[in-house]
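What follows is one structure encoded as structure tokens, with my remarks underneath.
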Amino acid sequence: MDAASDAELVARCRAGEEAAWEALVDRYARYVHAIVTRVYRLEPADAEDVFQEVFTRVFERLDTLRDGAALRPWIAQTARNCAVDALRRSGRETAVDVVPEDADDTLERLDEALTVHAALDRLSPDCHEILDRFFCRDESYRTIGAELELPAGTIASRIARCLSRLRDVLDPAPNEETASGRKARRGPSGGKVGRTR
């Protein structure tokens, strides 16, 4: 996976680098697909058409994006516009009928998941794997220990250490001091992240 920032990818795409465009599509394909299928609940055929339309628009209009770092919200808005257009074409008449009531909440959750996923990619392979196994695949300490040939107690301490690294990636700013003197870390949505048990 290309570790370049969004701004770097945009600059490379504008310079005509084909590999950068492929990396951009790879980075945002699942995100766009989730927006059109989970947020706007398009049928598979419509979702595929909208998916293609979104990346066609992004490719054609990339030069109009003022800030390369704003790529993700720009892609999300493009996907939203294309999905709403598809719903209108399907026979619905008013915008009130077109946009699902929970669209904003679902989009916010998708955005947060993408932020965490991108942060995981910035961790060491060992940390990425152990957090992915525990949080994404819902594997137990015992299962992870058996797969990695490590004691369950070691798995617990590694998860705690890697979770701390993930928090630092998500919020690299100096962490706030709490009344007890410990630092309160912030999660991707700005809320405090609790300590790992």
*Just need a number here: residues in region 85-112 that are assigned to a helix (DSSP H, G or I), at pLDDT 70 or above and open to solvent by 60 Å² or more (accessible area, probe 1.4 Å).*
6
*Residues (under 21 Å from Pro172 (Cβ atoms), open to solvent by 90 Å² or more (accessible area, probe 1.4 Å) and modelled with pLDDT under 85) located in region 119-152*: Arg122, Phe135
*What pairs come up if the first residue lies in region 119-140 and is among the charged types (D, E, K, R), the second is open to solvent by less than 60 Å² (accessible area, probe 1.4 Å) and assigned to a helix (DSSP H, G or I), and their beta carbons are under 6 Å apart, counting only those six or more places apart or on different chains?*
Arg122/Val169; Arg133/Ile144; Glu139/Arg133
*Members of region 1-43 found to be open to solvent by 60 Å² or more (accessible area, probe 1.4 Å) and touching a Ser or Thr at 6+ places or on another chain (Cβ under 7 Å), listed by number*: Arg38
*Output the residues belonging to region 59-94 that are touching a helix residue (DSSP H, G or I) at 6+ places or on another chain (Cβ under 6 Å) and of a type in the set (Val, Ile, Thr).*
Ile75, Thr78, Val84
_Residues within region 15-37 that are over 15 Å from Leu71 (Cβ atoms) and among the β-branched types (Val, Ile, Thr), tallied_ = 2
*asked:* For region 25-53, give me the residue count where each residue is closer than 24 Å to Arg109 by Cβ, assigned to a helix (DSSP H, G or I) and out of contact with any Cys (no Cβ under 6 Å at 6 or more places or on another chain).
replied: 20
_Tally, over region 60-84, of residues that are free of Cβ contacts under 8 Å to residues at least 40 places away in the same chain and open to solvent by 50 Å² or more (accessible area, probe 1.4 Å)_ = 8
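The values are calculated or read from the model by the stated rules, or taken from the named source; none is laboratory data. Keep in mind the model is a prediction, meaning the values are calculated, not measured. Cβ: placed from backbone, ideal geometry, glycine included. Neighbour counts: every protein chain shown. For accessibility, only protein heavy atoms count, side chains too; no ligands or nucleic acids. Shrake-Rupley method; radii C 1.70, N 1.55, O 1.52, S 1.80 Å.
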